[in-house]
Structures are given as structure tokens and as C-alpha cells.
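Undergrad: Would you mind keeping the following structure in view while I ask a few things?
The values are calculated or read from the model by the stated rules, or taken from the named source; none is laboratory data. Quantities reported herein were computed from a predicted structural model and do not represent experimental measurements. Each accessible area value is taken on the protein alone, full model and side chains, heavy atoms only, with ligands, DNA and RNA left out. Shrake-Rupley method; radii C 1.70, N 1.55, O 1.52, S 1.80 Å.
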Amino acid sequence: MLTTNMNKSAINLLGVLSFTPLLAVIYLMIGPFLFDGGANILPFLIVAWLTWIGVLLLFVIFLAQSSDFLVHQKLIWIAVLVCAGIISIPVFWWMFFKSADRSCDMK
């Protein structure tokens, strides 16, 4: 399984990558009110979009290969990740990757 092959640093990096698109959207919403001159954030937005696609594909592959979920749970999670991706990707990371990391630390 994917979480058993990942060390703590990789799980934390995946968490940072899962929050990057959400931070980009928040910056787009409040950025014009905070900065006068405006910065060129196009490279950051491209990286955030590519990160969102990559993490989404990684989580869908994780769901497809996981034996911990029933078929209908897999379909529901895939639908939630695709439809509400920017919000649901960090939630999915926290529930299934970070909690797995903590349970391994407690053993």
C-alpha cells in the first residue's frame, strides 16, 4: 500500500502539496485587497494547478489500489475528490495519510 511505503517526510510533503491549490485560490481572493502594485503570480498558479492534478491522480490511484475501502466508498471518494477537489484533497490527506502516519508513530 502507498502509505506503508512512504516515510514521514514524504507524507508531510504530500500534505504541503495538497494545500498548495487551496492557498492559491485564497491568495486570488484576498490578494487584490492586500497589495497595490500586484505581483506576477502566474508561475505560482501554474504550479498550483499542476500540483492539484498530480495529487488528485495520486489519490485516485491510491483509492483504486487500496483494499481498505469498499467499492461504493471508493466511488464516493473519487466523486468528491473530482467535484470538490481543492477543498476535499487536504481533507483526504489528513484523514488517510496523516492519520496513518500518526498510528504508525504510536506503535
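Undergrad: Tell me, what is the per residue accessible area of segment 25-101 in Å², probe radius 1.4 Å?
TA: 65 Å²
Undergrad: Using the Karplus curve 6.51 cos²θ - 1.76 cosθ + 1.60 with θ = phi - 60°, work out ³J(HN,Hα) for each residue of segment 87-96 in order, rounded to whole Hz, and write x for Gly and Pro.
TA: Taking θ as phi minus 60°, the curve returns 8, 7, 5, x, 5, 4, 4, 5, 6, 10 Hz for segment 87-96.
Undergrad: Would you please classify the overall shape of segment 21-70 from the alpha carbon gyration tensor, given that a ≥ b ≥ c denote the square roots of the eigenvalues, rounded means a/c under 1.5, and beyond that prolate means a/b larger than b/c while oblate covers the rest?
TA: Prolate is the answer for segment 21-70, as a/c is 1.5 or above and a/b outweighs b/c.
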